[in-house]
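Take this structure, written in structure tokens, and hold onto it; I'll ask about it next.
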Amino acid sequence: MSDIYTFFATISRMKYIERWALMRNSRAENLSEHAMEVAMIAHALCTLGNVRYGKQLNADRAALIGLYHDSCEIITGDMPTPVKYYNEDIRKAYKEVEHVAERRLLERLPEDIRPVYENIFFYPDEENEKYMRALVKAADKLSALIKCVEEEKSGNTEFKTAKRSLERTIGEIAEKYPEVRDFVEQFLPSYGSTLDELNT
């Protein structure tokens, strides 16, 4: 067992990938921070679904997927949203690039444990899995909105257009997924509060 594998050392470099590269930030956000927040919110959304809406979602798996959901950006970098979604051709091409990058990451694992991680990056075609993955994507959008809220609260107006766009998108998602609606109504308002406000 003397072989050396680079998967986890590579993943640890997420902390060097800064998000929102085209925007003036009052505080830089790195990919590790974003991944942790997405994991936490995805877990919460699945928990809400299970407890309140009779779903049978694997909240722990959702959190794990959230942790790794943008890890290919270690190789690709963070593609700004306006570029990534400029048109369908660019979106499809970037998806292919992401897929190749994910495969390259997985090749840095020993073959015996690689299938476990492939199951995080790629998923079976099952309804519960699709629903849970949709909640992870919603958590990704919520994390981006939280960043916009925090920037706005700090006096930075750079994110106001992104905030409006994300609010519209999340509003549409919340119409389909009650877990997202509940999070928006019950948890989102306290983001951007001071520590004293959170303690009252």
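Coordinate-derived values only; no laboratory data. Note that the structure is a prediction, hence the values are computed from the model and not measured. Cβ coordinates were reconstructed from backbone atoms using ideal geometry, including for glycine residues, and neighbour counts include every protein chain displayed.
Cut-off under 17 Å on the C-alpha distance; same-chain residues fewer than 8 positions from Lys95 excluded. Which aspartates and glutamates are left, in chain and number order?
Output for Lys95: Asp70, Glu73, Asp78, Glu118, Asp140.
Still on this structure, please answer the following. Sorted by mean Cβ packing within 10 Å, highest first, what order do the peptides 8-15, 33-40 take?
33-40, 8-15
Can I ask one more? Report the semi-axes of the equivalent ellipsoid for segment 7-194 in whole Å, largest first, where each axis is √(5λ) for an eigenvalue λ of the Cα gyration tensor.
Details: eigenvalues 130, 100, 48 Å².
Working from the Cα gyration tensor, I get semi-axes of 25, 22, 15 Å.
A further question follows. Would you please put 61-68, 41-48 in order of how densely packed they are, using the mean number of other Cβ atoms within 10 angstrom per residue and starting with the highest?
On the way: 61-68: 21.2, 41-48: 23.8.
Ranked by mean Cβ neighbours within 10 Å, highest first: 41-48, 61-68.
Sort the following peptides by mean Cβ neighbour count (other Cβ atoms within 10 Å, averaged over residues), highest first: 129-135, 153-159, 165-171. Spell out each step's value before the answer.
Working: 129-135: 18.0, 153-159: 13.7, 165-171: 15.6.
The packing order, highest mean first, is 129-135, 165-171, 153-159.
For the chain, take the longest principal axis of its alpha carbons; what is the angle in degrees between that and the long axis of helix 127-153, to the nearest 10 within 0 to 90?
50
Return one number: the angle in degrees, 0 to 90 and rounded to the nearest 10, between the long axis of the Cα atoms of helix 31-53 and the longest principal axis of the Cα atoms of the chain.
70
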